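Beneath this line is the structure, given in structure tokens, with notes to follow.
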Amino acid sequence: MSKGPFSGPALILLLACAVALFAASVLLEGHGGDAAGGNRAGPGAYSVSSLGYAGFYDTLRRLERPVVRSAGRARATAGQRGLLIVAEPDIFGLPSEYIASLANMPRLLLVLPKRVWERDPARLEWIAKALPVPVEYAQQTLALVAGDGAIARGDWPAAWKTNELGVTPSGTGWVQLARSKDMRPVVGNDDGMLVGEMRHGDSIVWVLSDPDVMANHGLGKGDNAAFMVALADRLGSLDNSGDNGPIVFDETVHGFQEAESSPVALLFRFPFSIVTALLCVAALLFARAGASRFGAPRTPPPETDFGKSQLIGNGARLLDYAGHHALVLDRYARMTVRAVAVALHAPPGLAEDELLRWLDRVGKARGVKDSCADILHTVDTIIAGDAKNLSGLFACARNIHRWKGELLHGTSAHRRAR
């Protein structure tokens, strides 16, 4: 039967590898959240690094607050009656439509950037080092909601002149504060505001100028966790409805995208498209391998044999084709006579006639009826007369073979007597 380009086990192995790659890519892509892509080392609710906000997100979730991490569609839920948290956005990557939509959010918490960072090459979800961002960059982020805002930096204050949340945040080192005539202080002092409020019609915007109280490295210090929970609860309940809406971390500002909800659409999105292509190639190879198997099976080619038996067989066929049967018989008969003479230790130096008479005397003594001289004479007669008489040639060959066996091993009667 004909074979395709791959054997059956090879095709099964290829399909199994493709399925395994697809399963592994699904697990890897879905690891760590409900969104694809993005940066999991810097600031963001998916980040477990020192600058991330996964700790604050987990705190809200454990306190049974309606908190979600959005990478697209879920952000619309905050536009109804919820709190949208936009933390340290990449302002140069924000489209103008997105910036305009911030003013329409009913409740918005904007967290200003404080540090730039580098990813740890050994642990991709950690950072290697962090440095202060330029003041101008933090001020440009503040300008998304307060065009005349300014940034002030100094030592962390011992107390706050204004604190409407009732919980005192803790910090060490230097603090970053915001100044703007359009904002009123929620938490602040004469140097600036840690938390400031702006109102645009029905929309309320809070600005958290220093992200350290919210980041993973500072959330566990003092009462920072309680401070941030109080901030989220207070901002989320300013409409006095008594029922806080969802708290949405907008992760599109960190490069995340909504995961595909349709498995079919997922197959054609990178990196799953690579596995889809492998599956298609495997299916084509499988079809190609089976396409030539219809109809009657082909005759397999003869196996090549380079052994002694093949060499002897080829030589015999060539001699048969050339018609040298008589020559082969003559050589066989005389080689048999010489082999028997050597085996019986015939006297050396005997002529052919003398050797034949000596062998016949030995054969007579051993009860052999055939005469070696008569057999060779018959061979010479056939060769001289009718060399194409194959039956006579084969009969002579049998006689010389029988004579050899009886002379060397004895006749059946002689063997029984012994």
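The values are calculated or read from the model by the stated rules, or taken from the named source; none is laboratory data. Just so you know, these numbers come straight off a predicted model, no measurement behind them. No Cβ is skipped: glycine too gets one built from the backbone with ideal geometry, and neighbour counts run over all protein chains shown. Surface accessibility is based on the protein's heavy atoms, side chains included, excluding ligands, DNA and RNA. Shrake-Rupley method; radii C 1.70, N 1.55, O 1.52, S 1.80 Å.
Structure notes:
- Remark: the ALA152-ILE99 segment gains 16.7 nm on full extension, using 0.36 nm per residue and subtracting the alpha carbon distance.
- Seen from GLY188, the other residues with C-beta closer than 13 Å to its C-beta sum to a net charge of -2, counting Lys and Arg as +1 and Asp and Glu as -1.
- Rg over Rh [alpha-carbon atoms, Kirkwood Rh] for the stretch 61-196: 0.97
- Once the 1.4 Å probe is applied to the protein heavy atoms, the stretch 338-380 comes out at 64 Å² accessible per residue.
- Cα gyration tensor of the stretch 156-252 - equivalent ellipsoid semi-axes, whole Å, descending: 21, 17, 13
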